[in-house]
1. Report yes if some residue within the range 157-165 is among the β-branched types (Val, Ile, Thr), under 28 Å from Leu74 (Cα atoms) and more than 18 Å from the chain's Cα centre (by Cα); otherwise report no.
2. Consider the range 59-84. How many of its residues are part of a helix (DSSP H, G or I) and out of contact with any Ser or Thr (no Cβ under 9 Å at 6 or more places or on another chain)?
3. Any idea which of Glu127, Glu95 is modelled with pLDDT of 90 or more, in a strand (DSSP E or B) and charged (D, E, K, R)?
4. Residues to consider are Val61, Val71; find the one that is of a type in the set (A, V, I, L, M, F, W, C), closer than 30 Å to Asp165 by Cα and at pLDDT below 90.
5. When you check Leu214 against the structure, is it exposed (fewer than 13 other Cβ atoms within 10 Å of the Cβ) and in a loop (DSSP other than H, G, I, E, B), yes or no?
6. Under 9 Å by Cβ, and 6 or more places apart or on different chains, what pairs join a residue from the range 162-188 that is under 18 Å from Asp220 (Cβ atoms) and part of a helix (DSSP H, G or I) with one that is polar (S, T, N, Q) and at pLDDT below 95?
7. Can you report the number of residues in the range 48-96 which are touching a residue at least 60 places away in the same chain (Cβ under 8 Å), among the charged types (D, E, K, R) and over 16 Å from Val137 (Cα atoms)?
Amino acid sequence: MKNILLVIPLIISFAAFSAHHENGDHSDVKMMEHNFAYLSSYTMPAGSNADRIAKSLLENVNTLEEDGYNVCGLLRHQFGGDRAFYSYCYFDSWEQFAKINDSNEPVTREPKQIYGDHTDNIVAMVEKNLTKATPHVLMATYTFGPYLTDNQKRANAKTIFNAYDSAFGGCNLMEHFWGPEQAWYFVCGYENYADFANKVEVLSGIHETELADLKLDVMDHSDDLMIRVK
């Protein structure tokens with residue numbers, strides 16, 4: 001397999017396909033479904049050159065699109081946990097995933113790794129309400145108590161997600177499929193920090209009036225604010 005730097009689902013982009021159909025009948029154009037996403041994070045080691053890492057990851061993200069993933073993107077940490085880059089690619093089905101990965105020839109020599117820790121998650125897209133590639137992206141990650149059933153976890157995640165979705169005017173909801181953690185991911189966009197401030201005020205109001213007294217069994221929660229590179 002090629003040096004795949006696997007990727008985080010974030011923004012669903014339908015603009016290119018809408019433009020095709022506005023110009024006439026293009027029934028031969030395949031409408032991408034974006035049912036799954038590859039999410040990855042790459043930490044920046046102390047003393048590393050962030051621009052050099054970004055350039056390397058951009059090359060790999062572009063290669064992934066050439067290999068057959070629908071849409072890929074790259075985000076860079078601004079506020080949150082690890083100083084990291086986050087990448088994502090969408091795909092429609094496991095058949096598409098298999099075709100891409102089985103057709104890649106293994107590399108004979110791996111290039112020198114310039115990033116630190118690396119984590120991959122494959123997620124299912126549950127709701128796709130974020131349709132614009134905004135300059136800034138928020139990703140919230142939630143895990144829930146292990147004593148809950150999967151459907152109870154889903155219900156609790158959906159309750160919290162609805163608050164984000166309402167406050168930010170449309171977010172994506174993703175659910176763990178393969179990877180190191182059984183988590184739910186909310187991805188929302190904002191234009192700038194004035195826009196972020198307005199949306200946070202709405203979210204805070206929803207939290208206080210609708211969520212603060214609910215027993216949602218959240219085990220762990222993190223937020224990452226990111227800048228779009230691609």
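The values are calculated or read from the model by the stated rules, or taken from the named source; none is laboratory data. Keep in mind that what you see is a predicted model, and the values were worked out from it rather than measured. Reconstructed Cβ throughout: ideal geometry from the backbone, glycine too, with neighbour counts over all protein chains shown.
1. Let us first name the residues in the range 157-165 that are among the β-branched types (Val, Ile, Thr), namely 159-160.
The next check asks that each one be under 28 Å from Leu74 (Cα atoms); those that pass are 160.
Now restrict to residues that are more than 18 Å from the chain's Cα centre (by Cα): none.
Checking the range 157-165: not a single residue is among the β-branched types (Val, Ile, Thr), under 28 Å from Leu74 (Cα atoms) and more than 18 Å from the chain's Cα centre (by Cα).
2. Filtering the range 59-84 down to residues part of a helix (DSSP H, G or I) leaves 59-67.
Within this subset, residues satisfying the condition of being out of contact with any Ser or Thr (no Cβ under 9 Å at 6 or more places or on another chain) are 59, 62-63, 65-66.
Matching residues across the range 59-84 total 5.
3. On the way: Glu95 fails: in a strand (DSSP E or B).
The match here is Glu127.
4. Working: Val71 fails: at pLDDT below 90.
Sole residue among the options that is of a type in the set (A, V, I, L, M, F, W, C), closer than 30 Å to Asp165 by Cα and at pLDDT below 90: Val61.
5. Numbers: exposed (fewer than 13 other Cβ atoms within 10 Å of the Cβ): yes; in a loop (DSSP other than H, G, I, E, B): yes.
Yes, satisfied.
6. none
7. Number of matching residues: 3.
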